[in-house]
1. How about region 55-84: which of its residues are open to solvent by less than 60 Å² (accessible area, probe 1.4 Å) and under 22 Å from residue 22 (Cα atoms)?
2. Across region 46-62, what is the number of residues that are under 25 Å from residue 91 (Cα atoms) and at pLDDT below 85?
3. How about region 27-54: which of its residues are free of Cβ contacts under 8 Å to residues at least 24 places away in the same chain, outside any loop (DSSP other than H, G, I, E, B) and over 19 Å from residue 17 (Cβ atoms)?
4. Quick check on region 8-45: of everything there that is among the β-branched types (Val, Ile, Thr) and surrounded by 11 or more Cβ atoms within 10 Å (Cβ to Cβ), which residue is modelled with the lowest pLDDT?
Amino acid sequence: MFPLFEFMFWAQLYGSATMNNLLCLSVFLALVYVRGLTWDFTSEVLVIVIVCIVMGVFGSLRTTFPLWTCFIAFVLYPFSLVLVYILDYWYGWS
């Protein structure tokens, strides 16, 4: 009974995180479209999508998470900052 409860708990967390990300991104995109704002966030959105895909794939392949798996999430934060810097200043994305 306990593993089923644990699976449902993690499924709810992943579902709510996915819905939150999709809702916030869609509201943001709708505001940009409706107000006719210029789009200067390509690199940031790409990095967010990459981090979400990496964590989503990693989370969907496991049912239990050892302690070392938290370091993957911690490493993705500086990786995302470096990737945004590289895309913005070396490749000129805006």
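1. Once the filter is applied, which keeps residues that are open to solvent by less than 60 Å² (accessible area, probe 1.4 Å) and under 22 Å from residue 22 (Cα atoms), region 55-84 yields 55, 56, 58, 59, 73, 76, 80, 83, 84.
2. Applying the first criterion (under 25 Å from residue 91 (Cα atoms)) to region 46-62 yields 46-54.
Filter once more, so that each one left must be at pLDDT below 85: 52.
Total satisfying the criteria: 1.
3. If the condition is that a residue be free of Cβ contacts under 8 Å to residues at least 24 places away in the same chain, outside any loop (DSSP other than H, G, I, E, B) and over 19 Å from residue 17 (Cβ atoms), then 30, 31, 32, 33, 34, 35 are the ones that fit.
4. The extreme case among them is 18.
The values are calculated or read from the model by the stated rules, or taken from the named source; none is laboratory data. Please read all numbers here as calculations on a predicted model, not as lab measurements. Methodologically, a virtual Cβ is constructed for each residue, glycine included, from the backbone with ideal geometry; neighbour enumeration extends over all protein chains shown. What goes into the accessible areas is simple: the full protein's heavy atoms, side chains included, and nothing from ligands, DNA or RNA. Shrake-Rupley method; radii C 1.70, N 1.55, O 1.52, S 1.80 Å.
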